[in-house]
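Data block below; observations after.
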Amino acid sequence: MRKLLFGIFGIFVCAGAYAGDLSVDTNDPLFLQSRSGLLSRTALDYFDNGLRAGQSLTYGLTDRLAFGANVHYQQDFDGPEDGFSSFDIGGLYRLGTADENSNHIIYDVLFGLKFGGSHRVRTPDYADSTYYVGMRFGRQYSGVTLAATVKSSWIFDDVPRGMAFIDFSPEVYFRVNDNWRVGGNFALRKATNQHYDEESIGIKIVREYGRTQYVGHFDYGFESDGITTGLAINILF
């Protein structure tokens, strides 16, 4: 136990001593690419005898505003729940930078729309379109970022069964050294339909090569009792 505690303490010390290049650290929870920057993220996840492949592209219109889109395809090996999920189109605007307030807090507003996709993979299955808006905020220290996101989503497609939910996701992210990062998060979802309530925890390990990052992650959902593991590649052009 003593060795474990010293090991954890060592990680915190290293993380606090190393700053890294935040402009290319695409897995930092407060990352926002600069004007004309293009971020590609390719992901492959395994969950409950199924695979999900995803691709997202995000483009920086200005140094404060970015727009993006993503889509996923799901293959269910044991059932009929396969097909394309909804398309997600959204944006993020930086309301305040760390240099604009005495507490050095970063504030972002995010907004978007999910639509279409196969009814076999929608959650909820009747959600032809989902609208969302939220805020992301936090602070970047020399070797660690503390951040949280609050997001509200609304579904109006089927009024008798329509619903809304709120997501709250705090996150911590350590820049351990030149090449390695480690992150952890907790996610809480409360819905007007309790069937879709969820709490989950996740960890990720990141290996950086210049403007490319390779990511491995593990997530566990308490309500669904489901485990998701996956790999992702972030490339910043």
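Read-outs: derived from the displayed coordinates by stated rules, not from any lab. Please read these numbers as outputs of a predicted model, since none were measured by experiment. Every residue, glycine as well, gets a Cβ built from its backbone with ideal geometry; the counts of neighbours run over all protein chains shown.
With both partners inside the chain, how many of the DSSP beta bridges are antiparallel, as a percent to the nearest 5?
Close to 100 percent.
Subtract the Cα-Cα distance of Ile233 and Leu188 from 0.36 nm times their separation in residues, and report this length gain in nm to one decimal.
Result: 13.6 nm gained on full extension.
Chymotrypsin sites (Phe, Trp or Tyr not before Pro) within the stretch 28-105: which are DSSP loop residues with at most 11 other Cβ atoms inside 10 Å?
Numbers: sites: Phe31, Tyr46, Phe47, Tyr59, Phe67, Tyr73, Phe77, Phe84, Phe87, Tyr93; in loops: Phe31, Phe77.
Those satisfying the criteria are Phe77.
Quick check: the distance between the Cα centres of the stretch 53-94 and the stretch 117-196, to the nearest angstrom?
A separation of 13 Å, based on Cα centres.
How much length, in nm to one decimal, is gained on full extension between Tyr220 and Arg207, taken as 0.36 nm per residue of separation minus their Cα-Cα distance?
That pair, Tyr220 and Arg207, stretches by 2.5 nm at full extension.
Which one of Ile89, Thr130, Gly116 has its Cα pushed farthest toward the positive end of the charge dipole of the chain, where Lys and Arg give +1 and Asp and Glu give -1 at the Cβ?
Ile89
Project the alpha carbons of the chain onto their principal axes and report the range along each, largest first, in whole Å.
Between the extreme Cα coordinates on each principal axis of the chain lie 53, 44, 32 Å.
Separation between the Asn177 and Asp157 pseudo-spin-labels, each 7 Å from Cα along Cα→Cβ, expressed in nm?
Label-label distance for Asn177 and Asp157, simple model: 4.8 nm.
Multiply the residue gap between Asn103 and Tyr141 by 0.36 nm, knock off their C-alpha separation, and tell me the result in nm, one decimal place.
Using 0.36 nm per residue and subtracting the Cα-Cα distance, I get 12.5 nm.
Angle between the Cα long axis of helix 2-17 and the longest principal axis of the chain, 0 to 90 degrees, nearest 10?
It is inclined by approximately 80 degrees.
Please arrange Asp108, Asp78 by counting, for each residue, the other beta carbons lying within 10 Å of its beta carbon, fewest first.
Asp78, Asp108
Once the other residues with Cβ under 14 Å from the Cβ of Asn101 are scored (Lys, Arg +1; Asp, Glu -1), what is the net sum? Intermediate results must be reported in sequence, preceding the final value.
Working: positive: Arg94, Arg139; negative: Asp99, Glu100, Asp108.
Once positives and negatives cancel, what remains is -1.
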